[in-house]
Amino acid sequence: MSGLLAGKRLLVTGVITDASIAFSVAKLAQENGAQVVLTGYGRLSLVERIARRLPEPAPVIELDVTSPEHLAGLADKVREHVDGLDGVVHSIGFAPQSCLGGGFLDAPWEDVATALQVSTYSYKSLAMAALPLMSAGGAVVGLTFDATKAWPVYDWMGVAKAGLESASRYLALHLGKQGIRSNLVAAGPLRTIAAKSIPGFDQFEDAWTARAPLGWSLTDQEPAARACLALLSDWFPATTGEIVHVDGGYHAIGA
Ligand SMILES: NC(=O)c1ccc[n+]([C@@H]2O[C@H](COP(=O)([O-])OP(=O)(O)OC[C@H]3O[C@@H](n4cnc5c(N)ncnc54)[C@H](O)[C@@H]3O)[C@@H](O)[C@H]2O)c1
């Protein structure tokens, strides 16, 4: 098998539709020589149906990142399909409606806690659950939305992403001794289920479409997926704790 990820074994979380960023990652990874195992949350039969649209059928393991049982059993379940992991993709985010769309000042702690558990803490939980299968040269990659700024409708999800960006740096710190890297891709707005759940998301869409120096497609997940592949590959061997922007250059301009 040839390709950027030839021979690599990947665990990819976060597929729910074929618009999911994770779906594009899984598809491109397979096209580039990787063996892919998926995890699915909730509607498993839907995830299995979407998995059949990949170039190679991929097994789907149930994983709710808030479930200690699922996390504890993950390595054994993955071992039924591959004998180790070279890469793990965290493509998971969720916040209750109260936390989004301008609700920052009123969202109750229980809802904020859910957002942080699913979107931030889970990055560490997933990496630790997969760690028994990983060795030097392995990589963990996650997806963020530039958390250096306060966005109009992103609210507590923005705080969760700021935490994710920090958690990735700490994971880089703590797993570096084992030769395992942790990096994030900061994607621009893409029309996925997660994005559509944010009231006022169209503000991001309009801003990016009008101002990103390279232009921006709201329906093309491939640029973000390509960056994930690059970070999972052997071509960033000395890069960890990094955030690569795949946003048409929007983050670099003052607008
Ligand atoms: N779409 C965008 O504009 C955009 C931009 C930047 C970053 N991101 C990030 O990309 C990642 C993937 O999102 P997406 O846009 O592809 O949307 P998506 O809706 O396709 O994927 C989100 C995934 O999170 C999963 N999930 C939610 N709760 C979970 C739980 N408890 N356990 C396990 N999985 C759970 C869902 O099942 C779903 O597969 C998220 O971290 C998101 O914040 C998205």
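Using the Cβ-Cβ distance between Asp64 and Ser166 with R0 set to 22 Å, the FRET efficiency works out to roughly 0.40.
Among Trp151, Trp235, sorting on how many other beta-carbon atoms sit within 10 Å of each Cβ, with the fewest leading, yields Trp235, Trp151. Compared with the direct C-alpha span, the chain from Trp109 to Phe236 gains 41.9 nm at full extension, assuming 0.36 nm per residue.
Taking every Cα-Cα distance in segment 149-255 and sorting them into 10 Å bins starting at zero, the pair-distance distribution P(r) comes out as 14, 40, 34, 12, 0 percent. Listed by chain and number, the lysines whose C-alpha is less than 17 Å from the C-alpha of Lys177, apart from same-chain residues fewer than 8 away, are Lys124.
What the Cα convex hull of segment 9-246 gives, in volume per residue, is 116 Å³. Each residue of segment 167-180 is assigned a 3J(HN,Hα), and the resulting list reads 4, 5, 5, 5, 5, 4, 5, 7, 9, x, 4, 8, x, 9 Hz, derived from the Karplus form 6.51 cos²θ - 1.76 cosθ + 1.60 (θ = phi - 60°), x at Gly and Pro.
In this label model, His174 and Leu46 are separated by 3.2 nm, measuring between points 7 Å along each Cα→Cβ vector. Across every direction, the projection of the convex hull enclosing the Cα atoms of segment 1-92 has a mean area of 5.3 nm². Restricting to the chain, compute how many DSSP beta bridges are antiparallel as a %, nearest 5. Percentage antiparallel, nearest 5: 0. Computed per residue of the chain from DSSP H runs no shorter than four, each worth -39500 (n - 2.57), the mean residue ellipticity at 222 nm is -11000 deg cm²/dmol. A cut-off of 5 Å between modelled amide H atoms, ignoring neighbours fewer than 5 places along the same chain, links Ala187 with Thr144, Asp146, Val246.
Put simply, the Cα atoms of segment 75-190 extend 46, 26, 26 Å along their principal axes, the longest span coming first.
No value in this document is a laboratory result; all are computed from the given coordinates. All values reported here derive from a predicted model rather than from experimental measurement. Don't worry about glycine lacking a Cβ; one is built from the backbone with ideal geometry, like all the others, and counts go over all protein chains shown.
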